[in-house]
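Below is one structure, written out as structure tokens; comments come after it.
Values quoted throughout were computed directly from the atomic coordinates according to the rules given, and no laboratory measurement underlies them. Please read all numbers here as calculations on a predicted model, not as lab measurements. Neighbour counts run over all protein chains shown; Cβ positions are idealised from the backbone, glycine included.
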Amino acid sequence: MPRVSRSRAAATRVVIGMLAGMLAGPLSLWASAHAAPVVQIKARTDVKLLPLSQDEDGVIVRGEVLEQVTGRPVASSLITVTMNQRARQVRTDENGVFELTFEGTRDRYDISAVFQDTDEYAGSKAELSGVDVQKQNLNIEVRVDPTAQSQDTIELTIEARTEQAVGAPISADLHVGQDDDELRYLAKIRTDTRGIATYSLERAALGDLGRKRLVVKFLGDRAYNPAQAQAEVVLSTATRTTFTVTSNNIAFEDRIEASGQVVDEQGEGVARMSVALRAGGRRIASALTDGSGEFEFDVPGADLGAGSFGVQAVFEPNNEWHRESRSAVIQVTVAEPQPVPVRHTLAAFGATAVVMLAFIGLRTRPWQGWLLRMRRRDSEDDRVPDEEAEDAEPPQGGLKEAPTSIVSNLRRPHIFEFSGVVRDAVTNRRLRGANVLLAHEEMHQHRQETDDRGRFQLADLLAGSWQVEIGSPGYVTEKFAITVPHRGEYLGARIDLVSVRERIFGMYREVAEPLLPDRSKWGIWTPRQIVDHVRAQKQSPALAELTDFVEESYFSQRTPHEAILDAAADRVAQARTEQIASPSA
């Protein structure tokens, strides 16, 4: 009796799982996602002004632009250099170095160098005030002991030397900042006669975890010009991952339920981070920690298969200041699958067939074709003489999910990839060079351009919600959301883009269609015939202006930008207002 009862319960769970899996696809078609702002992640930069020099042509200003993290030069970047309120622009060479000469006869100069934001790099700035060409220039260097960055005390070494490599005794200020935040004063640093100073910095004085900028500023004195230097330090923390399972012995048809928590060195929960469930070297599932660092797994036993496995939770940080950690390995045994009575199999098959038919019906919607043929037949037989012809449907853009197999719908989401093809919604032509941008809720980002056949493929995506934005010059950008992992609906998907021209002409329909001799002409006449016919009518001023605008946008050889859609909407609204006010016009 216990075995029969267990089999019945297992079969019931299989049937429910089938129904839920098959309905997941159609239900996803009805769900709507609100677009979130796209966050663009850029590499941080550091602009450094090198010591001034002077010759018969004037004052020579030199500097360099480097990536903060890697120290690599930023080549061909545009720099705006200002000296005593005179601004000029120059580009860096392949080594990230820039140089230009200002005419000058003064002894003191205020200099700044600004690198503006680009698509790849964040902007940065360097300033020096009161530079005197009659004084000696200093080179200041700040070094951080890398072995002490996770300790309570961070050891700094500051070295000041002249251009002749002679140590300089100076007094400078130490500041700290994070990213582009305003610098905060920490301490006064004094170098000895060798130009060297060591300083023990308490970790707590730097604030929370993360990447910090340590800036040493020397304001200048009677002998030396102002100078400054900076270094970076990452305040990191070790983590600890705990993990438990509800039961160590699982039926093949049951689920493995597990939970755990990720905490840092202070015992605080690490929020919104990815944790992977691994067994025998395989990645089985992933989850995100909540606000207190806790996570849960609910995995079918069939995903592991029958046998004994060592399962482990692995914390996978997405930043450099949380270090990876692993839980203890827990042994879990999954029993062999139990046979299901024939009547339950037949019932499951019948339920699956019904759901499959409903699923295919919702996907293909055959009744729309039947209704359309019936309406056309009625029109051809003149059964309803006054009935208007079927309206020509405007082109629709957006995501067309890939069909999934029955087996995929029966399994839990397991695919961490988004791929597909981008096409023109009207001509079905594949679009080369379309920009595909994915932004994760945790500020991760992937960007790719479609190949010659309009295809793209983004693999190894993090679990969670991704905001997708796909655009191409001359087309209306499509925005939608996907959830990873998935069952295959985003593997080989299709994204249709509507051209800006077609969208404008579709908006024009609202005011142009009532002026046609027969509304059915909209789906028969060419755009040129429609524009010419409307132009031949008695047009209101707003309609005439709109017609000129549509003609220029639709037929011009210039590729229109989607920003003009707002102007098109305004013109349509004005023309519609005049039509309502003067119906005979």
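Apply the Karplus curve 6.51 cos²θ - 1.76 cosθ + 1.60, θ = phi - 60°, to the phi angles in region 276-293 and return the couplings in whole Hz, x for Gly and Pro.
For region 276-293, the Karplus curve yields 9, 9, 10, 9, x, x, 9, 8, 8, 7, 9, 8, 10, 6, 8, x, 9, x Hz.
Assuming R0 = 35 Å, can you tell me the calculated FRET efficiency for the pair I60 and Q448, based on Cβ-Cβ distance, to the nearest 0.05?
0.20
Provide the gained length on full extension for the span R222 to E202, in nm with one decimal, where the gain is 0.36 nm per separating residue minus the Cα-Cα distance.
In short, 4.0 nm is gained.
Rounded, prolate or oblate: which fits region 501-581 when a ≥ b ≥ c are the square roots of the eigenvalues of the alpha-carbon gyration tensor, with rounded for a/c under 1.5 and prolate only if a/b beats b/c?
Judged from the Cα gyration tensor, region 501-581 comes out oblate (a/c at least 1.5, b/c at or above a/b).
Give me D221, D119 sorted ascending by neighbouring Cβ count inside 10 Å, so fewest comes first.
Working: D221 13, D119 7.
Ordered by Cβ neighbours within 10 Å, fewest first: D119, D221.
May I ask you to sort M83, M443 by Cβ crowding, counting other Cβ atoms within 10 Å and putting the fewest first? Mind dumping the intermediate values first?
Working: M83 23, M443 11.
Starting with the residue having the fewest Cβ neighbours, the order is M443, M83.
Extension gain E163-R432, at 0.36 nm per residue separation less the Cα-Cα distance, in nm? Write out the running numbers ahead of the final one.
On the way: separation 269, 0.36 × 269 = 96.84 nm, distance 5.37 nm.
Full extension from E163 to R432 adds 91.5 nm.
For the pair Q557 and E67, what calculated FRET efficiency results from E = 1/(1 + (r/R0)^6), where r is the Cβ-Cβ distance and R0 = 30 Å, to the nearest 0.05?
In this case the efficiency is close to 0.15.
Tell me, H444, H561 in order of fewest to most beta-carbon neighbours within 10 Å?
If I rank by nearby Cβ atoms, fewest first, I get H561, H444.
Under a Cβ-only charge scheme (Lys and Arg +1, Asp and Glu -1), can you give me the dipole magnitude of region 395-498 about the Cα centre, in debye to the nearest 20?
Numbers: 13 positive and 13 negative charges, 72 e Å.
For this selection, approximately 340 debye.
Once the dipole of region 501-581 is set up with Lys and Arg at +1 and Asp and Glu at -1 on Cβ about the Cα centre, which of I530, H561, I504 lies farthest towards its positive end?
I530
What spacing in nm lies between the two simple spin-label points modelled at E94 and N248, each 7 Å away from Cα in the Cβ direction?
6.3 nm
How big is the Rg/Rh ratio for region 41-131, C-alpha atoms only, Rh by Kirkwood, two decimals?
Looking at region 41-131, the ratio lands at 0.99.
Quick check: Cα centre of region 190-220 to Cα centre of region 293-343, how many Å?
First find each Cα centre; the distance between them is then 46 Å.
With a cut-off of 20 Å, note down the residues of region 444-485 whose backbone N falls inside the zone around a label point 7 Å from the Cα of A567 toward its beta carbon.
Only 472-477 fall inside the zone, counting backbone N under 20 Å.
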